[in-house]
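The values are calculated or read from the model by the stated rules, or taken from the named source; none is laboratory data. All values reported here derive from a predicted model rather than from experimental measurement. Using ideal geometry, Cβ is built from the backbone for each residue, glycine included, and neighbour counts are taken over all protein chains shown. Note: areas computed on protein heavy atoms with side chains; ligands, DNA, RNA excluded. Shrake-Rupley method; radii C 1.70, N 1.55, O 1.52, S 1.80 Å.
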Amino acid sequence: MPLLPMAQGGSWYAKDATDTDLLGALHAAYLAGIRHYDTAAGYGNGRSETLLGQFLEGKRESVFLASKSHTDELTAAAAITEVEGSLNRLGVDFIDLYYIHWPRAGRDMRPVMEGLETARAQGKIGAVGVSNFSIAQMEQVAEVGKIEVHQLGYNLLWRYAEAEAIPYCRAHDIAVVAYSPLGHGILTGKFGRDPGLIAGDQRHSILPFRADIWPHVHAGVEQMKRLAAELDLPLSTLAIRWILGQVGVKAVVAGGRTREQVAINTAALEAAIPASAFEELAEISDAIMAHIPDAGNLFNHYP
């Protein structure tokens with residue numbers, strides 16, 4: 001299954017971007033050589049899939065397409081309906097990789113996996129993946145289907161996947177795709193001592209922004225910024241390349257809302273970075289992580 005070093009797609013937090021901006025970002029990624037595009041039914045209530053479908057016109061055969069969905073109705077029939085909805089919005093007859101977006105704590109996810117296996121047998125999807133699953137949840141759905149990819153949150157501010165999830169995936173031949181490489185923008189270095197989030201900003205719910213945690217995050221990121229300045233590189237470049245250098249990680253989903261953001265992200269693939277810089281980043285990250293509890297995920301989201 002082809003997985004390129006970076007994937008590009010619409011995101012649920014891009015609601016303030018115009019369609020022109022988002023389509024421009026998708027085209028910029030394509031021109032830069034990106035061929036793995038990642039989206040989801042839940043991003044913008046289907047808007048992301050619809051826009052990606054517009055972008056795919058005339059390019060489908062050259063693109064590896066991934067999407068995902070979740071439904072409160074945990075049945076095989078509902079899972080197939082979700083796949084068909086994604087196919088319709090994307091305007092395609094086949095999706096290369098389809099994920100179960102979120103597990104449901106304490107509920108049996110096997111019927112959903114059975115539905116995706118049926119969709120695979122029907123030729124509607126190729127590989128089947130899961131996202132944000134624990135090992136126990138992966139083992140449950142693996143009883144009725146084959147997991148080929150696990151997409152999980154992983155960055156210099158959130159590394160709990162290193163302990164169990166990534167080693168489990170390596171042992172079971174499951175490709176790891178890392179999302180949120182820039183920690184909701186924190187690892188661009190754009191936030192000050194006061195992050196200045198306005199009322200209603202969804203980042204209020206993101207763990208590193210929590211009032212008692214943020215000072216430690218900010219202090220660590222300032223050290224990372226100094227390292228980036230010494231190398232004359234954007235901090236985002238270091239953050240993306242650090243993830244791509246981790247054993248077991250096959251791809252990074254790096255969302256961009258504008259051509260400029262995409263240019264910065266894709267340039268990270270070509271930058272020359274000494275090994276000592278990655279070692280220093282890990283040391284700074286270790287110090288930050290000492291103040292971030294393992295709350296399950298970065299979002300405080302527990303469906």
Please list the non-local residues whose amide H lies under 5 Å from the amide H of Ile125, H modeled 1.01 Å from N, same-chain partners needing a gap of 5 or more.
Ile95, Arg120
Test of understanding: what is the full-extension gain from Leu23 to Lys190, defined as 0.36 nm times their sequence separation minus their Cα-Cα distance?
57.7 nm
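Listed here are the pairs Lys146/Lys225; Lys68/Lys225; Lys59/Lys146; Lys190/Lys250; which of them are more than 32 Å apart at the Cα? Display every interim value, and only then the final one.
Values: Lys146/Lys225 41 Å; Lys68/Lys225 34 Å; Lys59/Lys146 29 Å; Lys190/Lys250 27 Å.
The pairs that break the limit, which is 32 Å between Cα atoms, are Lys146/Lys225; Lys68/Lys225.
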Taking the chain as the reference, fit the longest principal axis to its C-alpha atoms, fit the long axis of helix 110-121 to the helix C-alpha atoms, and give the angle between the two in degrees, 0 to 90, nearest 10.
70 degrees
Net dipole in debye of region 139-225 [+1 Lys, Arg Cβ; -1 Asp, Glu Cβ; about Cα centre; nearest 20]
380 debye
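With every protein chain kept in place and ligands, DNA and RNA left out, what is the accessible area per residue of the chain? Probe 1.4 Å, answer in Å².
On the way: 13110 Å² over 303 residues.
Using a 1.4 Å probe on heavy atoms only, each residue of the chain averages 43 Å².
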Unit charges at the beta carbon, dipole of the chain: most positive-side option, Gly46, Pro293, Gly183:
Gly46
Glu279 paired with Asp294, simple spin-label distance in nm, labels 7 Å along Cα-to-beta-carbon:
2.7 nm
Going 7 Å from the Cα of Arg35 along its beta-carbon direction, which residues of region 54-98 have the amide nitrogen within less than 17 Å of the resulting point?
56-66, 95-97
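I need to check one value: relative contact order of the chain, counting alpha carbon pairs closer than 8 Å and at least 6 residues apart, in percent.
Values: 520 pairs, mean separation 62.3, N = 303.
Relative contact order, the chain: 21 percent.
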Long-range amide H contacts for Ala175: which residues qualify at under 5 Å (H placed 1.01 Å from N, peptide plane, sequence gap of 5 or more or a different chain)?
Val149, His150
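Please state the charge dipole magnitude for the chain, taken about the Cα centre, from unit charges on C-beta atoms (+1 on K and R, -1 on D and E), reported in debye and rounded to the nearest 20.
That gives the chain a dipole magnitude of about 340 debye.
Which net charge results for the neighbourhood of Thr81, defined as the other residues with beta-carbon distances under 14 angstrom from its beta-carbon, given Lys and Arg at +1 and Asp and Glu at -1? Can you show the working numbers first?
Details: positive: Arg89, Lys124; negative: Asp72, Glu73, Glu82, Glu84, Glu114.
Neighbour charge sum, excluding Thr81 itself: -3.
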How long is the gain from Gln54 to Arg226 if the chain were fully straight, where each residue apart is worth 0.36 nm and the alpha carbon distance is subtracted?
57.8 nm
With Cα coordinates, the longest principal axis of the chain makes an angle with the long axis of helix 214-231, in degrees rounded to 10, of 80 degrees
Take the Cα of Glu143, step 7 Å along the line toward its Cβ, and report every residue of region 46-83 whose backbone nitrogen sits under 16 Å from that point.
75-76
How much of the accessible area of the chain, probe 1.4 Å, is carbon plus sulfur, in whole percent?
51 percent
Would you mind working out the magnitude of the charge dipole of region 104-261 relative to its Cα centre, with +1 at each Lys and Arg C-beta and -1 at each Asp and Glu C-beta, to the nearest 20 Debye?
320 debye
Angle between the Cα long axis of helix 275-289 and the longest principal axis of the chain, 0 to 90 degrees, nearest 10?
80 degrees
